[in-house]
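I have placed the structure first, in the form of structure tokens, so that the comments after it can refer back to it.
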Amino acid sequence: MSAGLFPSPFPGGADLTFGGGNGLLRSPANEPRKVNAMGNAYEIYALRYATMAPRTPSMNFLAPDPHDATAQDLDYFVWLIRGGGRNILVDTGFNAEEAALRARKLTLNPVDALEAFGVKADAIQDVVVTHLHYDHAGNLDRFPHARFHLQEREMSYATGRCMCNGMLRHPFSVEHVTLMVRHVYGERVTFHSGDGEIAPGVTVHRVGGHSDGLQVVRVDTARGPVVLASDASHYYANLHKRSPFPIVYNVGDMAQGWEIVERLAGHPDRFIPGHDPIVAEIYPRASDKVDAFALHEQPSRSFAK
Ligand SMILES: [Zn+2]
Ligand SMILES: [Zn+2]
């Protein structure tokens with residue numbers, strides 16, 4: 001079981017407990033802690049690099065509402081966290097080769113999206129890989145100076161017995177997983193077990209469910225902690241309706257994951273789903289060159305009841 005404990009209800013957050021030395025990447029003595037009255041105020045940008053349309057409810061919900069026939073697009077994002085001199089990338093998207101294999105439409109490679117946004121791939125020091133599915137863990141050869149943060153259980157899952165099953169294996173690319181194995185051998189991977197810290201105010205938390213080692217990322221911002229839920233909830237509706245996305249390893253863990261995401265965020269407007277086009281509608285556009293949206297800003301629409 002995970003070594004970390006779940007955080008207590010917010011506000012606060014100082015009571016996160018980390019498991020036995022997991023994930024402490026650098027000695028705090030070497031890194032000045034940027035602390036102000038608001039805590040660590042990072043900026044977060046969602047960079048959209050692909051879209052898939054249209055998708056019927058049965059593609060998005062394990063048990064779709066029979067009265068709902070509304071088609072929804074699925075957007076693909078990577079997320080850039082900036083602050084305190086750091087550029088932390090969350091997920092690495094897929095490339096043109098993988099898009100062709102899966103008949104997906106790639107708007108542009110996430111590495112090019114990053115560059116258009118003003119951040120070169122070689123300036124990325126840390127990459128959090130939420131899980132190893134093809135749309136989150138491609139381009140692993142494009143970040144020469146990055147350290148990769150992965151849950152221990154995700155590496156085990158993606159290289160273990162479950163990959164003998166076609167349905168469970170389908171969202172993975174053996175090329176991506178192989179590259180991650182190479183990074184392990186190159187001592188470029190920090191494994192986390194449960195909860196872990198990437199930088200002061202940026203923490204990862206295993207939720208599992210969708211993939212056994214899926215982790216979400218909690219980031220301190222000026223509007224409070226924002227949780228990048230990745231595929232813990234593809235759409236707002238998966239979490240709001242407590243309705244699983246059909247790609248799932250463990251439904252029980254997925255259901256617990258929604259509770260964890262809500263608790264970590266502390267407010268419904270501070271949870272960011274992994275693939276929902278609504279994100280691009282309600283967060284301010286942050287670039288005229290690329291589809292980038294500022295998640296540290298308030299959304300134009302609130303989900304608070
Ligand atoms: Zn996934
Ligand atoms: Zn995904």
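Each Lys or Arg adds one and each Asp or Glu subtracts one; over the other residues with Cβ under 10 Å from the Cβ of A113, this totals -1. What the Cα convex hull of the stretch 85-148 gives, in volume per residue, is 73 Å³. For the stretch 209-286 versus the stretch 109-128, the inter-centroid distance based on Cα atoms is 23 Å.
Dividing the helix sum by the residues of the chain, where each DSSP H run of 4 or more adds -39500 (n - 2.57), gives a mean residue ellipticity at 222 nm of -5500 deg cm²/dmol.
Annotation for the stretch 47-134: trypsin sites (Lys or Arg not before Pro) lying in DSSP loop with at most 16 further Cβ atoms inside 10 Å of their Cβ are R102, K105, K120.
For the stretch 66-111, taking Cα atoms only, Rg and Dmax work out to 15.3, 49 Å respectively.
In the chain, the C-alpha radius of gyration followed by the widest Cα-Cα span (Dmax) gives 17.8, 57 angstrom. Stretching T56 away from V181 to a fully extended chain increases their span by 41.5 nm, per 0.36 nm per residue minus the current alpha-carbon distance.
FYI, it's all coordinate maths here, none of it is from the lab. All values reported here derive from a predicted model rather than from experimental measurement. Neighbour counts run over all protein chains shown; Cβ positions are idealised from the backbone, glycine included.
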